[in-house]
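K.L.:
Right, I'll just put the structure down here and ask away after.
The values are calculated or read from the model by the stated rules, or taken from the named source; none is laboratory data. All of these numbers come straight from a predicted model, not from anything done at the bench. Here the Cβ positions follow ideal geometry from the backbone for every residue, glycine too, while neighbour counts run over all protein chains shown.
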Amino acid sequence: MVEEVYKGIYRIGVPLPGNPLKELNSYYLPGDERDLLIDTGFNKDECREALDILAADPGLTAYEITSRMKWKIHADSWSDFPAAQKWFAVGECLSHLDHLVLEGKVSVKETEEARYYYKVSNI
């Protein structure tokens, strides 16, 4: 369900089946130059998995991190994922990485080619 909660700010209810909260709030703010989607996601095991991958091999892109994560899909390897599934998986990984950056557990280095993620060493 999408509702405008304030002029130009939209709440998106994300269903949480089997969870007493029933749904999670995300917010969409359309802009002139770019839009902003705020995902108020949970601190999930996927966040820990991304941290562990970065601890073992720092300086990866979100695509590289995503390809090393475990996913519940019937494919033998990342190369067997359907293209659309890769797109959604990378999007989910990016939301986890953004959460970890906001918590100060991951840092980001941007170049002209890509964004590279690093686990902060003090955790």
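K.L.:
Taking the stretch 88-116 as the search range and keeping residues that are outside any loop (DSSP other than H, G, I, E, B) and of a type in the set (Gly, Ala, Ser), which one is modelled with the highest pLDDT?
P.N.:
So, considering only residues that are outside any loop (DSSP other than H, G, I, E, B) and of a type in the set (Gly, Ala, Ser), the one modelled with the highest pLDDT is 107.
K.L.:
While we're looking at this one, here's another question. Quick check on my filter: what residues within the stretch 100-115 are crowded, with 18+ Cβ neighbours inside 10 Å and either touching a Phe, Trp or Tyr at 6+ places or on another chain (Cβ under 9 Å) or closer than 15 Å to residue 63 by Cα (or both)?
P.N.:
100, 106 - these are the residues of the stretch 100-115 that are crowded, with 18+ Cβ neighbours inside 10 Å and either touching a Phe, Trp or Tyr at 6+ places or on another chain (Cβ under 9 Å) or closer than 15 Å to residue 63 by Cα (or both).
K.L.:
Checking residue 85 against (1) under 23 Å from residue 38 (Cα atoms); (2) outside any strand (DSSP E or B); (3) in contact (Cβ under 8 Å) with a residue 40 or more places away in the chain; (4) of a type outside the set (A, V, I, L, M, F, W, C), only one condition comes out false. Which one?
P.N.:
Unmet condition: (3).
K.L.:
Among the residues of the stretch 49-66, what is the count of those that are closer than 17 Å to residue 98 by Cα and in a helix (DSSP H, G or I)?
P.N.:
Matching residues across the stretch 49-66 total 12.
K.L.:
Are any residues in the stretch 27-49 within 13 Å of the chain's Cα centre (by Cα) and at pLDDT 75 or above, and if so, which ones?
P.N.:
Hit for the stretch 27-49 is 49, nothing else.
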